[in-house]
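Worksheet for the structure shown next.
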Amino acid sequence: SADDRSLAWRARIARTEVQTEVDPRSIPTATARAEIVAAIEALTELGDEAGLADAWTKLGFIEFMPCRYDHAARAEGRAVAYARACGDDRLLFEALRLQMFSESFGSTTPDEGPRRLDAMGDDVRRSRPIEVAALATRSRYLSMRGEVQEARRTIELAAAAAEAVGMRFFVAICEGL
């Protein structure tokens, strides 16, 4: 009703995101993916960088759920670029978090992964939740390299940091790793 096409697309894909989280079987992945791709095309035409950061993040999430991790990581990489371009740290940190997880479950090697995390240095240090996610992700790579003691120490640091900032759900995730 506000005749704002960017806002309409962002609301539409946000509604789909919520619906897929509440009832994952209610919308086929292909349907959600097609809607987000249409939003990306429209938001590109409109020049809405924040909307594009949001849409690419949502596409990454849609790709992550059926274990298409490399597709998800690529989408999150696009989201990171748009979030940087528009200067929105909230969008940047959400995309970075999902990119880290997608890469760690995808084809990123245990040797390459920590280097990618190190390259995120300043962004990781600017956000405690992103720092927690980076620690948890680093522990996965250490584990894959067979460095079990260091992986345990790192995941314990992640759990303690998550607890310190009130990320109780993430504490449970860390304890499950």
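The values are calculated or read from the model by the stated rules, or taken from the named source; none is laboratory data. Nothing here was measured: the structure is a model prediction, and the numbers come from that model. Reconstructed Cβ throughout: ideal geometry from the backbone, glycine too, with neighbour counts over all protein chains shown. Areas reflect the complete protein model, heavy atoms only, side chains present, ligands, DNA and RNA absent. Shrake-Rupley method; radii C 1.70, N 1.55, O 1.52, S 1.80 Å.
List residues of segment 118-146, by number, whose backbone nitrogen lies under 16 Å from a label position 7 Å along Cα→C-beta of residue 156. Within reach of a label on residue 156, which here means backbone N under 16 Å from a point 7 Å along Cα→Cβ, segment 118-146 contributes 136, 139-140, 143. Shape annotation for segment 27-177: C-alpha extents along the principal axes are 50, 29, 28 Å, from largest to smallest.
With the simple model of a label 7 Å out from the Cα in the direction of the Cβ, residue 8 to residue 81 spans 2.8 nm. Each Cα pair under 8 Å and six or more residues apart adds its separation to the average, and for segment 51-177 the resulting relative contact order is 18 percent. For the pair residue 164 and residue 26, the difference between a 0.36 nm per residue extended length and the Cα-Cα distance amounts to 46.1 nm. Only helices enter the 222 nm calculation for the chain: every DSSP H run of n ≥ 4 contributes -39,500 (n - 2.57), and dividing by all residues gives -26000 deg cm²/dmol, rounded to 500. At a probe radius of 1.4 angstrom, the accessible area of the chain per residue rounds to 54 square angstrom. Within the chain, helices built from complete DSSP H runs that reach 18 Å or longer along their own axis (Cα positions) and carry a mean Kyte-Doolittle hydropathy of -1.0 or higher are 5-22, 29-46, 49-64, 69-86, 89-105, 128-144, 148-164.
With all protein chains in place and a 1.4 Å probe, the accessible surface of the chain carries 52 percent carbon and sulfur.
Each Lys or Arg adds one and each Asp or Glu subtracts one; over the other residues with Cβ under 14 Å from the Cβ of residue 29, this totals -1.
In terms of overall dimensions, the C-alpha atoms belonging to segment 65-122 reach 30, 27, 13 Å along their principal axes, ordered largest to smallest. Cβ-Cβ distance of residue 41 and residue 107, R₀ of 35 Å, FRET efficiency by 1/(1 + (r/R0)^6): the value works out to about 0.80. In terms of its Cα atoms, segment 8-89 spans 34, 28, 20 Å along the principal axes, sorted from long to short. Across segment 1-118, C-alpha contacts under 8 Å between residues 6 or more apart give a mean separation that, scaled by the residue count, equals a relative contact order of 21 percent. Separation of segment 64-100 and segment 104-118, taken as the distance between their Cα centroids, equals 15 angstrom.
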